[in-house]
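Read the structure below first, then the notes.
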Amino acid sequence: MAEKPVYLTQEGQAELEKELEFLRTARRREIADKISQAKELGTTVNNAEYDDAKREQSFVEGRIRELESLLANAQVVKHEATPSEWVKLGSKVTIVTPDGEEDCYTIVGSAEAHPLAGKISNESPVGQALLGKRVGQEVQAVTPGGVVTYVIRTIE
């Protein structure tokens, strides 16, 4: 069964590829050294260092598989140099909150979402509400705190 596509910006794709390369090379080597050192201490039975290194190895191998799958199913969204008339994946959107403050978000796929860094998923309530809207439009997002109304100030 085909997995659903993963939407990534060019920057997001580059970050995931960089992480994957680091895990495949440097991190695998570090963990192999830890396992080797733990084995030198004696038996692997009741060896906490060995158990920790094996758990770490399992986590890293799982993350490698996850990144490989994400990148294999990625659809890269190219950011256009000219501003768009409507919000889409890759858009940088400035919104006005109900209390008059401005917030700026970049709409990205769920794999690269990082709300504290201003990157919100197209699948999030606010991301979904913004998609397809234009400057000056009022949008309502159903959030865990209730329905919130925003006004779109700019789209880049």
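Of the residues V151, T97, N122, the one whose Cα sits farthest toward the positive end of the charge dipole of segment 95-151, with +1 on the Cβ of Lys and Arg and -1 on the Cβ of Asp and Glu, is N122. For the pair segment 93-124 / segment 1-39, the C-alpha centres are spaced 26 Å from each other.
Put simply, the amide H of Y7, placed in the peptide plane, has neighbours under 5 Å in Q75, S110, A111, leaving out anything fewer than 5 places away on its chain. Applying a threshold of 25 Å to the alpha-carbon distances of K4/K78; K18/K92; K78/K133; K18/K133; K4/K119 flags K18/K133 as lying beyond it.
A cut-off under 11 angstrom between Cβ atoms defines the neighbours of K54, and their net charge, with Lys, Arg +1 and Asp, Glu -1, is -2. The mean sequence distance of close C-alpha pairs (under 8 Å, at least 6 residues apart), as a share of the length of segment 6-76, puts its relative contact order at 56 percent. Site pair K39 and F22 shows an inter-label distance of 2.7 nm when each label is modelled 7 Å from Cα along Cα→Cβ.
Just want the ordering: I107, I155, from fewest to most Cβ atoms lying within 10 Å of their own Cβ. Before the final figure, lay out each step's value.
On the way: I107 26, I155 20.
Going from least to most buried by this count: I155, I107.
Checking the a/c ratio against 1.5 first, then a/b against b/c, what shape does the Cα gyration tensor give for segment 80-155? It comes out oblate by the Cα gyration axes.
A Förster radius of 30 Å combined with the Cβ-Cβ distance from R134 to E66 puts the calculated FRET efficiency at roughly 0.25.
Computed from backbone phi with θ = phi - 60° and the Karplus coefficients 6.51, -1.76 and 1.60, the 3J(HN,Hα) list for segment 71-77 is 5, 5, 9, 6, 10, 7, 9 Hz; x is used for glycine and proline.
How much length is gained on full extension from E56 to E123, taking 0.36 nm per residue of separation minus their Cα-Cα distance?
On the way: separation 67, 0.36 × 67 = 24.12 nm, distance 3.09 nm.
Separation in residues times 0.36 nm, less the Cα-Cα distance, equals 21.0 nm.
Computed from point charges on the beta carbon alone (+1 for Lys and Arg, -1 for Asp and Glu), the dipole magnitude for the chain about its Cα centre is near 320 Debye. For segment 6-76, the Kirkwood hydrodynamic radius from C-alpha pairs, put into Stokes-Einstein at 37 °C and a viscosity of 0.692 mPa s, yields a diffusion coefficient of 244 µm² per second. With contacts taken as Cα pairs under 8 Å and at least 6 residues apart, segment 80-155 reaches a relative contact order of 33 percent.
Each value in this text was obtained by applying a stated rule to the coordinates, not by laboratory testing. What you see is a predicted model; the values in this text were computed from it and never measured. Don't worry about glycine lacking a Cβ; one is built from the backbone with ideal geometry, like all the others, and counts go over all protein chains shown.
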